[in-house]
Amino acid sequence: MATHLYKNFLTNEKIYNQNIDFWKSLIYTLLSVEKISFQQYLTTIKPDGSFYMDGNPIYNFKIDNSNRAVRIIQELPECSDIEFSAWINSTELSDNSKIDELVISMELSHETALMSVELINAWIINKFSKQKMVKFIDKLFTIKENLFKAENQPDKELMLA
(Lines give C-alpha, C1' and ligand atoms only; values in the text may rest on other atoms or scores of the structure.)
Protein backbone atom coordinates (compact mmCIF):
# COMPACT_ATOMS: atom_id res chain seq x y z
CA MET A 1 0.00 0.00 0.00
CA ALA A 2 1.42 3.35 -1.09
CA THR A 3 1.63 6.41 1.14
CA HIS A 4 0.83 9.13 -1.39
CA LEU A 5 2.31 12.62 -1.08
CA TYR A 6 0.73 15.90 -2.25
CA LYS A 7 -2.52 14.11 -3.15
CA ASN A 8 -4.45 17.20 -4.31
CA PHE A 9 -1.60 18.81 -6.24
CA LEU A 10 -3.57 19.15 -9.49
CA THR A 11 -6.37 21.19 -7.91
CA ASN A 12 -4.52 23.31 -5.35
CA GLU A 13 -1.78 25.73 -6.48
CA LYS A 14 -0.21 25.90 -3.02
CA ILE A 15 0.13 22.10 -2.89
CA TYR A 16 1.41 22.10 -6.49
CA ASN A 17 4.16 24.56 -5.46
CA GLN A 18 5.03 22.45 -2.40
CA ASN A 19 5.25 19.41 -4.65
CA ILE A 20 7.66 21.19 -7.01
CA ASP A 21 9.74 22.28 -3.99
CA PHE A 22 9.88 18.63 -2.88
CA TRP A 23 11.39 17.63 -6.23
CA LYS A 24 13.74 20.63 -6.32
CA SER A 25 15.10 19.76 -2.92
CA LEU A 26 15.43 16.06 -3.70
CA ILE A 27 17.22 16.62 -7.02
CA TYR A 28 19.42 19.40 -5.67
CA THR A 29 20.49 17.20 -2.76
CA LEU A 30 21.24 14.26 -5.07
CA LEU A 31 23.21 16.23 -7.66
CA SER A 32 24.92 18.94 -5.62
CA VAL A 33 26.86 16.36 -3.62
CA GLU A 34 28.34 15.23 -6.94
CA LYS A 35 28.90 18.86 -8.02
CA ILE A 36 26.70 18.34 -11.08
CA SER A 37 25.12 21.49 -12.50
CA PHE A 38 21.75 21.36 -14.21
CA GLN A 39 18.84 23.48 -15.37
CA GLN A 40 15.28 23.08 -16.54
CA TYR A 41 14.83 22.39 -20.25
CA LEU A 42 11.02 22.31 -20.50
CA THR A 43 8.66 25.19 -19.86
CA THR A 44 6.30 24.58 -16.94
CA ILE A 45 5.07 28.15 -16.50
CA LYS A 46 2.46 29.92 -18.64
CA PRO A 47 3.14 33.38 -20.10
CA ASP A 48 1.04 34.89 -17.27
CA GLY A 49 3.44 33.40 -14.67
CA SER A 50 1.15 30.63 -13.40
CA PHE A 51 1.97 26.92 -13.58
CA TYR A 52 0.40 24.66 -16.18
CA MET A 53 -0.56 22.43 -13.20
CA ASP A 54 -0.91 19.23 -15.20
CA GLY A 55 1.99 17.33 -13.65
CA ASN A 56 3.69 16.77 -17.02
CA PRO A 57 6.33 17.51 -16.10
CA ILE A 58 6.11 18.23 -12.40
CA TYR A 59 9.90 18.63 -12.56
CA ASN A 60 12.56 18.40 -15.25
CA PHE A 61 16.25 19.03 -15.61
CA LYS A 62 19.07 18.71 -18.11
CA ILE A 63 22.67 18.25 -17.08
CA ASP A 64 24.85 21.16 -18.24
CA ASN A 65 27.23 20.26 -21.08
CA SER A 66 25.52 16.91 -21.57
CA ASN A 67 22.75 15.41 -23.64
CA ARG A 68 21.18 13.71 -20.59
CA ALA A 69 17.99 14.88 -18.97
CA VAL A 70 15.21 13.75 -16.64
CA ARG A 71 11.49 14.47 -16.96
CA ILE A 72 9.25 13.55 -14.03
CA ILE A 73 5.55 13.14 -14.76
CA GLN A 74 3.31 12.97 -11.75
CA GLU A 75 -0.19 11.55 -11.93
CA LEU A 76 -3.07 12.07 -9.54
CA PRO A 77 -3.23 9.15 -7.04
CA GLU A 78 -6.05 6.81 -8.04
CA CYS A 79 -5.33 3.65 -6.09
CA SER A 80 -3.38 2.38 -3.11
CA ASP A 81 -0.91 0.40 -5.25
CA ILE A 82 2.57 1.55 -6.20
CA GLU A 83 2.08 3.16 -9.63
CA PHE A 84 5.39 3.75 -11.39
CA SER A 85 6.86 3.46 -14.88
CA ALA A 86 10.00 4.72 -16.60
CA TRP A 87 11.66 4.70 -20.00
CA ILE A 88 14.43 6.32 -22.02
CA ASN A 89 13.30 8.77 -24.68
CA SER A 90 15.20 10.74 -27.32
CA THR A 91 13.76 14.18 -27.94
CA GLU A 92 14.58 17.32 -29.86
CA LEU A 93 14.75 20.66 -28.09
CA SER A 94 13.65 24.03 -29.44
CA ASP A 95 17.24 24.79 -30.54
CA ASN A 96 17.20 21.58 -32.66
CA SER A 97 19.64 19.81 -30.34
CA LYS A 98 18.79 16.24 -29.32
CA ILE A 99 18.84 14.87 -25.81
CA ASP A 100 18.24 11.51 -24.19
CA GLU A 101 15.84 11.79 -21.31
CA LEU A 102 14.92 9.44 -18.54
CA VAL A 103 11.16 9.78 -18.25
CA ILE A 104 9.61 8.77 -14.94
CA SER A 105 5.83 8.61 -14.62
CA MET A 106 4.25 7.90 -11.26
CA GLU A 107 1.80 8.54 -8.50
CA LEU A 108 4.10 10.15 -5.91
CA SER A 109 4.63 8.14 -2.74
CA HIS A 110 7.56 7.40 -0.45
CA GLU A 111 8.18 4.26 -2.47
CA THR A 112 8.08 5.89 -5.92
CA ALA A 113 10.28 8.77 -4.76
CA LEU A 114 12.95 6.25 -3.72
CA MET A 115 12.60 4.36 -7.00
CA SER A 116 13.01 7.67 -8.85
CA VAL A 117 16.20 8.47 -6.94
CA GLU A 118 17.62 5.04 -7.86
CA LEU A 119 16.92 5.61 -11.55
CA ILE A 120 18.22 9.19 -11.58
CA ASN A 121 21.35 8.06 -9.77
CA ALA A 122 21.97 5.34 -12.38
CA TRP A 123 21.24 7.62 -15.37
CA ILE A 124 22.92 10.85 -14.25
CA ILE A 125 25.57 10.01 -11.66
CA ASN A 126 26.62 6.52 -12.79
CA LYS A 127 26.03 7.39 -16.47
CA PHE A 128 24.51 4.04 -17.44
CA SER A 129 24.23 3.57 -21.20
CA LYS A 130 20.74 3.51 -22.71
CA GLN A 131 20.90 -0.28 -22.99
CA LYS A 132 22.05 -0.68 -19.40
CA MET A 133 19.30 1.71 -18.22
CA VAL A 134 16.63 -0.36 -19.97
CA LYS A 135 17.90 -3.46 -18.17
CA PHE A 136 18.09 -1.56 -14.87
CA ILE A 137 14.52 -0.27 -15.27
CA ASP A 138 13.32 -3.84 -15.95
CA LYS A 139 15.19 -5.10 -12.89
CA LEU A 140 13.73 -2.34 -10.71
CA PHE A 141 10.19 -3.18 -11.89
CA THR A 142 10.70 -6.88 -11.17
CA ILE A 143 11.91 -6.04 -7.67
CA LYS A 144 8.98 -3.65 -7.18
CA GLU A 145 6.45 -6.28 -8.30
CA ASN A 146 7.91 -8.95 -6.02
CA LEU A 147 8.40 -6.67 -3.04
CA PHE A 148 5.00 -4.99 -3.09
CA LYS A 149 3.11 -8.12 -4.16
CA ALA A 150 4.45 -9.84 -1.05
CA GLU A 151 3.45 -6.85 1.07
CA ASN A 152 -0.19 -7.15 -0.04
CA GLN A 153 -0.60 -10.91 0.49
CA PRO A 154 -2.99 -11.92 3.29
CA ASP A 155 -0.58 -14.50 4.73
CA LYS A 156 2.15 -11.92 5.11
CA GLU A 157 2.72 -13.00 8.72
CA LEU A 158 3.74 -16.47 7.55
CA MET A 159 6.36 -15.02 5.21
CA LEU A 160 7.82 -12.88 7.96
CA ALA A 161 7.89 -15.64 10.58
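Residues that are crowded, with 23+ Cβ neighbours inside 10 Å and more than 16 Å from Glu118 (Cα to Cα) within segment 62-91 comprise just one, Gln74. If you go through segment 1-47 and keep only what is surrounded by 14 or more Cβ atoms within 10 Å (Cβ to Cβ), more than 16 Å from Gln74 (Cα to Cα) and among the hydrophobic types (A, V, I, L, M, F, W, C), you end up with Leu30, Leu31, Ile36, Phe38. Here is the figure for segment 1-48: residues that are polar (S, T, N, Q) and more than 17 Å from Leu108 (Cβ to Cβ) total 5. Among the strands (runs of 3 or more DSSP E) confined to segment 43-161, the ones with at least 3 residues that are modelled with pLDDT of 90 or more and among the charged types (D, E, K, R) are located at 68-75, 98-107. Taken over segment 19-38, the criterion of being among the polar types (S, T, N, Q) and either part of a loop (DSSP other than H, G, I, E, B) or more than 16 Å from the chain's Cα centre (by Cα) (or both) is satisfied by Ser32, Ser37.
The values are calculated or read from the model by the stated rules, or taken from the named source; none is laboratory data. No experiment lies behind these values; they were computed from the predicted model shown. Cβ atoms come from the backbone with ideal geometry, glycine included; neighbour counts cover every protein chain shown.
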